[in-house]
Amino acid sequence: MGCRVSCEMAHDWPDKALGCILLSYPLHPPGKEGQLRDSPLTELQLPMLFVRGTKDEFSQQEQWEAVMQRMQSPRLEHYTVEGAGHSLVKGSSAAAKATLEDVCQAVQQFAASVLAQAQQPAPQQARKVDKASPAAPKVAAGRKRQARKKSQAGGNDSEAEQAKEVDKASPAAPKVAAGKRKRQARKKPQAGGNGSEAEGPARATEKKATGRQKGKGTGKKAAD
């Protein structure tokens, strides 16, 4: 099919085409360089190969270079046939056959490289393959063990801190403190009480002696 029709089909169905190979693209009518046929050529985002003769009346060099600067293709290649016109090859001379062989070789190399690139896995698919590799589960298991150890260590510290906070905030804590204070207060009077009990008998004897002395004095007074 023609180059313009190929570009239109690739533009309308981008998922159906891997690239475009355009032989002598008719950029403008002969002698009418102002009537460019650059749509949808400049909108294609596919690998493209242009084969063009330097004397092609359908694509003058100045207009051709201006259009190439506006191309959006991620891969743009050119194969130029020096001195050739729009038909690229004329006659059956040895030079014409050599030129045709060179053009066919350039086309074959470009097509093979585009196909090889299309068969390579995408970056996301490559990541999935890495995750599914035999070494991946071991690495993941090691990471899980490290995470568990860290969480357990952090959990023990947090549990100890929580226990301290519970002890401080629990209702039983004031009662325990009050009980300790009461027991300590009881021990102090008991210690003082033992001293008073030891001093008690001596004071009792002193009182008895003074009472006796008082009794004798009162008896004497009565006798007088």
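The values are calculated or read from the model by the stated rules, or taken from the named source; none is laboratory data. The structure displayed is predicted, hence computed values, not measured ones. Accessible surface is based on the protein model in full, side chains and every heavy atom, while ligands, DNA and RNA are left aside. Shrake-Rupley method; radii C 1.70, N 1.55, O 1.52, S 1.80 Å.
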Non-local amide H neighbours of residue 84 (under 5 Å, H modeled in plane, Pro and chain starts lacking H): which ones?
54, 55
Can you tell me the accessible area per residue over the stretch 25-78, all protein chains present, probe 1.4 angstrom, in square angstrom?
51 Å²
For residue 21, residues with placed amide H under 5 Å, excluding near neighbours:
49
